[in-house]
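Below is one structure, written out as structure tokens, with a few remarks after it.
The values are calculated or read from the model by the stated rules, or taken from the named source; none is laboratory data. Since we're looking at a predicted model, the values are computed, not measured. Here the Cβ positions follow ideal geometry from the backbone for every residue, glycine too, while neighbour counts run over all protein chains shown. Ligands, DNA and RNA are excluded from the accessible area calculation, which covers all protein heavy atoms including side chains. Shrake-Rupley method; radii C 1.70, N 1.55, O 1.52, S 1.80 Å.
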Amino acid sequence: MITFDQVTVHYDDAAGPALRDVDLTVEEGELCLVVGHTGVGKSTLLGAVNGLVPHFTGGTLYGRVTVDGRDTAHHPPRELADVVGVVGQDPIDGFVTDTVEEELAYAMEQLAIPPGTMRKRVEETLDLLGLADLRHRALYELSGGQQQRVAIGSVLTAHPRVLVLDEPTSALDPTAAEEVLAAVTRLVHDLGVTVLMAEHRLERVVQYADRVIHLPGDGSARIGAPADILRTSAIAPPIVELGRAAGWSPLPLSIRDARRAAAPLRARLAGQVPAPVRRPVTDDLPCLLTARGVTVAYQGVAAVREVDVDLRAGEIVALMGRNGSGKSSLLWALQGSGPRRAGTVKVSETSGATHTDPHSVPAARARRLVGLVPQTPADLLYLESVKQELDQADSESGTREKARTVLDRLAPGIDDATHPRDLSEGQKLALVLAIQLSAAPQVVLLDEPTRGLDYRAKTELIRVVDTLAAEGRAVVISTHDVEFAARAADRVVVMAEGDVVADGPTAEVIVSSPVFAPQTAKILAPLAFLTVDQVMASAPAAEEETLS
């Protein structure tokens, strides 16, 4: 169905090719997962399938890409729309209508599909992706995860033979992600749709893949069975890392298979007390932010209901909950820019002598109290180059650490001359985070910061937030990434329908949850292990060689 024949893609301003001599075939009815670190060429490979590369992205394509027999070099995207459906990293960029139902119908209108068929397909897609209750909602009113599901649905209604998905679960909570992946899997198994998917959260998708394409970063590509590729790849989900460490063969890719293989390991670890993932945070630390009775409503509908929150110096809090539970609304209310119908927010000044409501002070001062990185970081980027953005941040903040230094820690190698809009989603996040941190705020709020980040970048992000906490700041991370929360957070707050339903130490909250538990916890339950590193540290000395 998809064939790359000695394909090389070179952009004029790049030091080397994004893809080099790629030679592979994706069969009909196959779900093929594309993996690799941020910036290695995954989006370029996906874009070559529907002709976006090179027709709209520039650069030069050598070799030949064919989809269902059509050469993409001679067929621009509009001539492949009936065959290839594409969902990009940022779904809102692709919306062209106002409501959910209109967006689902739009692609079919462009393909001149009869009205009766259109209505039937819209209803099927609403049910398939759990969007029926949102059919008349405005797209801008939806949460990030809801927008992602609408974006996937808008291409499914055209019944394409090939579906290209770039980070399809990045904005979804665990339950919504499973629903979307189950729907995609049904398309593959029941309708023979070919799916090419790039995803950084491998723990969610690897069990569904028929084959994996690994881009190591030198422009080349390896394709093979998931277990074969992931056994030696530099990027792997926790289940694979645990399997490697324990020497399991064959390498399990699903929780069910891993639990079967892990019975001897659970027996060896029985009675062991897991080493703490993070240092304990004491109650006597000073409180930097106090929120009482915070209520947020939109058009009379409550998004946050009388929430009380205390954020202490040196504490990292994960804010979790399903899409639409009120997490983003709460963050914006705490930051001061968002609407707040009722309640108070007080942030300790640097001196600690006074407490200020960030909603009541000028924006520059509020930024030094509370910094927020939104779900779509590009909203804060408005200059013509990375260097201009970094220089502007330095001039506004006046702090000693340059924004460029922070950026290089998060995403090294970004050229100063690059236009911010040309960066990958992960690189945009790193840039905005560097800009916000340059103001040295007392409280740092991150809304879905791991979207578009690979495991290596997430580890670096943990180092950055650990540094912020060590400096005495409070950090709140709104996230659906349970693996990241298990490693990064001292405390977890769970929201549902605008209310806080759980608030406590990370291990207590997420181990007891079948939805938010990380892979290691599920594999080794009822043992209270969260990460592979904990398993390695707690393994009995007599068995260390088995796990090393």
Over the stretch 340-368, the set of residues hydroxyl-bearing (S, T, Y), out of contact with any Leu (no Cβ under 8 Å at 6 or more places or on another chain) and free of Cβ contacts under 8 Å to residues at least 40 places away in the same chain is S351, T354, S360
For the stretch 369-390, does any single residue satisfy the condition of being open to solvent by 70 Å² or more (accessible area, probe 1.4 Å), part of a loop (DSSP other than H, G, I, E, B) and touching a residue at least 60 places away in the same chain (Cβ under 8 Å)?
no
Given the conditions (1) open to solvent by 20 Å² or more (accessible area, probe 1.4 Å); (2) over 30 Å from P518 (Cβ atoms); (3) in contact with a helix residue (DSSP H, G or I) (Cβ under 9 Å, 6 or more places away or on another chain), which single one is not true for P358?
(1)
I'd like to check something: does the stretch 428-438 contain any residue that is open to solvent by less than 10 Å² (accessible area, probe 1.4 Å), touching a residue at least 12 places away in the same chain (Cβ under 8 Å) and in a loop (DSSP other than H, G, I, E, B)?
yes
For the condition surrounded by fewer than 16 Cβ atoms within 10 Å (Cβ to Cβ), modelled with pLDDT under 95 and assigned to a helix (DSSP H, G or I), what is the one hit in A528, A457, A542, A507?
A542
Taking the stretch 403-417 as the region of interest, how many residues are open to solvent by less than 40 Å² (accessible area, probe 1.4 Å) and at pLDDT 85 or above?
3
Residue, most open to solvent (accessible area, probe 1.4 Å), within the stretch 142-188, restricted to residues that are among the basic types (K, R) and part of a helix (DSSP H, G or I)
R186
Among the residues of the stretch 232-269, write down those that are within 21 Å of V26 (Cβ to Cβ) and open to solvent by 10 Å² or more (accessible area, probe 1.4 Å).
L253
Scan the stretch 1-36 residue by residue and report those that are in contact with a Lys or Arg (Cβ under 6 Å, 6 or more places away or on another chain) and open to solvent by 30 Å² or more (accessible area, probe 1.4 Å).
D5
When you go through V494, V476, V515, V465 one by one, which is the residue that is open to solvent by 20 Å² or more (accessible area, probe 1.4 Å) and either closer than 21 Å to A171 by Cβ or at pLDDT 85 or above (or both)?
V515
Can you name every residue in the stretch 307-358 that is within 18 Å of E448 (Cβ to Cβ) and among the small types (G, A, S)?
A318, G321, G324, S325, G326, S328, S329, A333, S337, G338
Log entry, pairs with first residue in the stretch 225-245 being farther than 17 Å from K458 by Cα, second being open to solvent by 20 Å² or more (accessible area, probe 1.4 Å) and outside any helix (DSSP H, G or I), beta carbons closer than 6 Å, six or more apart or on different chains, reads P226/L253; A227/P250
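Each row is one residue, and each column tells you yes or no for (1) open to solvent by 30 Å² or more (accessible area, probe 1.4 Å); (2) of a type in the set (S, T, N, Q).
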{"residue": "R279", "(1), (2)": "yes, no"}
{"residue": "G293", "(1), (2)": "no, no"}
{"residue": "V301", "(1), (2)": "yes, no"}
{"residue": "G314", "(1), (2)": "no, no"}
{"residue": "N323", "(1), (2)": "no, yes"}
{"residue": "R340", "(1), (2)": "yes, no"}
Which condition does G343 not pass, out of (1) modelled with pLDDT under 90; (2) farther than 23 Å from A440 by Cα, if it passes all the others?
(1)
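Per-residue answers, yes or no, for (1) on the phi > 0 side of the Ramachandran plot; (2) out of contact with any strand residue (DSSP E or B) (no Cβ under 7 Å at 6 or more places or on another chain); (3) not polar (S, T, N, Q):
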position	(1), (2), (3)
G371	no, no, yes
T376	no, yes, no
E389	no, yes, yes
P420	no, yes, yes
I435	no, yes, yes
Give me the residue from the stretch 132-141 that is modelled with pLDDT of 90 or more and under 14 Å from T97 (Cβ atoms) and, out of that set, surrounded by the fewest Cβ atoms within 10 Å (Cβ to Cβ).
H136
